[in-house]
Amino acid sequence: MIERIRAASAAGTPLRIRGGGSKDFYAQALHGEILDTTALSGVVSYEPSELVVTVLAGTPLAELEALLATQGQCLPFEPPHFGTSGSSTAGGMVASGLSGPARASVGAVRDYVLGLKLINGRGEHLTFGGQVMKNVAGYDVSRLMVGAMGALGLITEVSLKVLPIPPLEATLQFECTQAQALSWLNAWGGQPLPLNASCWVNAQGDNGVGTLYLRLRGARAAVDAACNALGGERKDNAEVAADWQACRDQQLPWFKERDVSHDLWRLSVPQTTSAMDLPGISGQPLIEWHGGLRWVRADAAQAQLLREAAQSAGGHATLFVASHARKQGATAVFDALKPPLDRIHRELKREFDPAGIFNPQRMYVDW
C-alpha cells in the first residue's frame, strides 16, 4: 500500500479509501481509484485487564465486538453498523466518527481512541498516541483523524479503550408529546440517574402523542431505583434489544419509511433546546441523545431552513442521507467552516496529504 500511495502521490492520482463500503452513502461525492483496506484485518493485541484493544483498520466491527463480548466488555459508544452484516470496519468507524444511541452519556468515538498508525500522502507510516491515556501528550493527532473521512491519510491500525458491559440494563417506555419528552429529559439530565440512551418518536406524523424510550445502564441498585422513581412501563430487555440496534443503524420504521424524495437530516443542538419550529417540514423529528440529536425528513427546498434553525439553536445540521433524486455532491453535506477553522483544516490537509490524493471532495467540494 505504501508504494501505491507514493506512486499515486507522484502522479496526482486520487485514491478513494474504502473498507467495507458501509458508509459510501455518507459525506460528499466519491472520487478516485479504490484503495481497499479489507486485507488489513485482525487483532494486534488485546489486554482485557487493561481495557485496551488494538486492531488493524480493516477488521470487521462485528468481529471486534464479538471478541470483546467474550470478556464481558464492549465499545460503549455503540458505533453504527450500516450496510450488510460484517461490512463495517474499525477504520471506517474512526474515519466517520459516528456514534450510536449512548453517545450523549458515555462519549464519542474520539474519546476512546488512544492511538493509531497512519500512512500519509508522502507514503510515510506514522504512529500517533499509544495504548494508554498518559501517552497522549501535546497535539492529539490520533483523535484528529476521527471524523476526517480519510482525507488526511490511510489509517492502518487503531488502539481503543473499551469498558465492561454494565451489570444491568433497563428500558422504560412513556407515552408523551415531544415537548413533554424534552422537558423530562432535561430534568432527568440534572439528576444522578444512570441514563444511557433515549429515543422519542411519533409514528403518527404531525399530530398525536409519541413514545419516549429511555435506556438505563449501570449498577443493579442504581438502575432498579431509577426505574422505581421514574415510572413508565419497563420493557423486556430481550424484546427491545433489537429496537435499540435498529435505532443505532437507522433501521427503525421511522427511518425506513422515509419517502425516497426526501433527504434525511441530522441536527446536532444543545440538549436543552426546546421543540424546534420547522415550518414546511412534514412530520415530527425523531429525537435521540437526551434531546441533543434531531433527525428530520425534508425535501431539498428545506436545506437552508434546517441549517439556519440548527445554527440559531447553537448547533449545526448535516445532510446525512440524500434523496434518490438529488445528485450526489450537489449540496454541501456539512455546514461551511468559519474562516479561521477553514484555514486550519486546509493547512492540515496540505501537511498530511500535500498532493491531495486521499478522498478528494469527500468532506468539502473544494478540497
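Observations, loosely collected:
- Taking the Cα centre of the range 100-244 as reference, the dipole from Cβ charges on Lys and Arg (+1) and Asp and Glu (-1) amounts to some 580 debye.
- Remark: relative contact order (the chain) = 20 percent; criterion is Cα-Cα distance under 8 angstrom and separation of 6 or more residues.
- Overall form of the range 112-248: prolate. Here a/c, set by the Cα gyration tensor axes a ≥ b ≥ c, is 1.5 or more, and a/b is the larger of a/b and b/c.
- 19 Å cut-off, amide nitrogen to a point 7 angstrom out along Asn237 Cα→Cβ, residues in the range 143-182: 163-173
- Simple rule: put +1 on each Lys or Arg Cβ and -1 on each Asp or Glu Cβ in the range 263-343, find the dipole, and look at Ala275, Ala332, Gln302; the Cα lying farthest toward the positive end is Ala332.
- Signed unit charges on C-beta, dipole axis of the chain, positive-most listed residue Thr156, Asn120, Thr70: Asn120
- Cα centroid separation, the range 239-267 to the range 27-44: 26 Å.
- Most positive-pole-ward Cα, Gly210, Gln131, Leu168, against dipole of the chain from beta carbon charges: Gln131
- At the residue level, Cys199 shows approximately 10 square angstrom of accessible surface with a 1.4 angstrom probe and all protein chains present.
- In this Cβ point-charge picture (+1 for Lys and Arg, -1 for Asp and Glu), the chain has a dipole of about 700 debye about its Cα centre.
- Each eigenvalue of the Cα gyration tensor of the range 34-162, multiplied by 5 and square-rooted, gives one semi-axis; in descending order these are 20, 17, 15 Å.
- Spin-label model distance (nm) - Thr13 vs Glu47, 7 Å beyond Cα toward Cβ: 4.0 nm
- Pairwise label distance in nanometres, Thr177 with Ser312, each label 7 Å out on the Cα-Cβ vector: 2.0 nm
- In the context of the full protein assembly, Met1 retains an accessible surface of approximately 80 Å², using a probe radius of 1.4 Å and ignoring ligands and nucleic acids.
- Helix-only [θ]222 nm of the chain, DSSP H runs n ≥ 4, -39500 (n - 2.57) each, per residue, nearest 500: -7500 deg cm²/dmol
- For the range 256-337, diffusion coefficient by Stokes-Einstein and Kirkwood Rh (Cα), 37 °C, 0.692 mPa s, µm²/s: 257 µm²/s
The values are calculated or read from the model by the stated rules, or taken from the named source; none is laboratory data. Since we're looking at a predicted model, the values are computed, not measured. Cβ coordinates were reconstructed from backbone atoms using ideal geometry, including for glycine residues, and neighbour counts include every protein chain displayed. In case anyone asks, the SASA skips ligands and DNA or RNA and just uses the protein heavy atoms, side chains included. Shrake-Rupley method; radii C 1.70, N 1.55, O 1.52, S 1.80 Å.
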